[in-house]
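Please read the structure below before turning to the comments.
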Amino acid sequence: MTCSCGKPASILSPVPLCEQCALETALSLLSQCQLSDQSVRALIQSELNIPVKTQEHFSASDIADETGVSAQKIGRISNKYQLKCPDFGEWRLTKATNSNKQIESFFYNAQGRKQIMKLLKDGGYT
Ligand SMILES: [Zn+2]
């Protein structure tokens, strides 16, 4: 079976398509659903295992591990100094550790991490 473009088809029905043409067809359909670029990329990644480039990010536990301060403490400092804003990171949906529930967690970017490190140091926590 070959795709209409002449390459070997990786899907056979309803129409034989090679992977590239199938992907292009899917993307053109998706673009009409008004999904955000991010959602489309997430879909592609989940199906095809293509690495998606994202900004470097750190969870509160990452910073906790690094500094020896509890993640709860980092959360409190972050709230107190209002670090959970776009300058310092972004909210992402993650899976809760003990269930399939999706929860929103704040991930810090390099700038946010630096700011927390500074506040911990100034506060005498590290
Ligand atoms: Zn093709």
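Values in this text are rule-based calculations from the coordinates and carry no lab data. The model shown is predicted, which means the values in this text are computed figures rather than measured ones. For neighbour counting, all protein chains shown are included, and Cβ atoms are generated from backbone atoms with ideal geometry for every residue, glycine included.
HN-Hα J couplings of the stretch 10-21 from phi, Karplus 6.51/-1.76/1.60, θ = phi - 60°, integer Hz, Gly and Pro as x?
9, 10, 10, 9, x, 10, x, 9, 6, 4, 4, 5
What percentages, rounded to whole numbers, describe P(r) for the stretch 58-122 computed over all alpha carbon pairs with 5 Å bin width beginning at zero?
4, 19, 30, 26, 14, 7, 2, 0
How many angstrom lie between the Cα centre of the stretch 72-117 and the Cα centre of the stretch 23-39?
Taking the Cα centre of each part, the stretch 72-117 and the stretch 23-39 sit 29 Å apart.
Tell me which lysines have Cα within less than 18 Å of residue 80's Cα, excluding those fewer than 8 residues away on the same chain?
Those lysines meeting the cut-off are 114, 118, 121.
What FRET efficiency do you get for residue 31 and residue 102 if R0 is 25 Å and r is their Cβ-Cβ distance, rounded to the nearest 0.05?
After rounding to 0.05, the efficiency reads 0.50.
If you plug each phi of the stretch 57-74 into the Karplus form 6.51 cos²θ - 1.76 cosθ + 1.60 with θ = phi - 60°, what whole-Hz ³J(HN,Hα) values come out, in order, with x for Gly and Pro?
8, 9, 7, 4, 5, 4, 5, 4, 4, 6, 9, x, 9, 5, 4, 5, 4, 4
For the chain, take N as its residue count and report Rg(C-alpha) divided by 2.2 N^0.38 Å. Walk me through the numbers on the way to the answer.
Details: Rg = 21.2 Å, N = 126, 2.2 N^0.38 = 13.8 Å.
That works out to 1.54 for the chain.
Suppose every Lys and Arg Cβ carries +1 and every Asp and Glu Cβ carries -1, with no other charges. What dipole size does the chain come out with about its Cα centre, to the nearest 20 debye?
On the way: 14 positive and 12 negative charges, 103 e Å.
Approximately 500 debye in magnitude.
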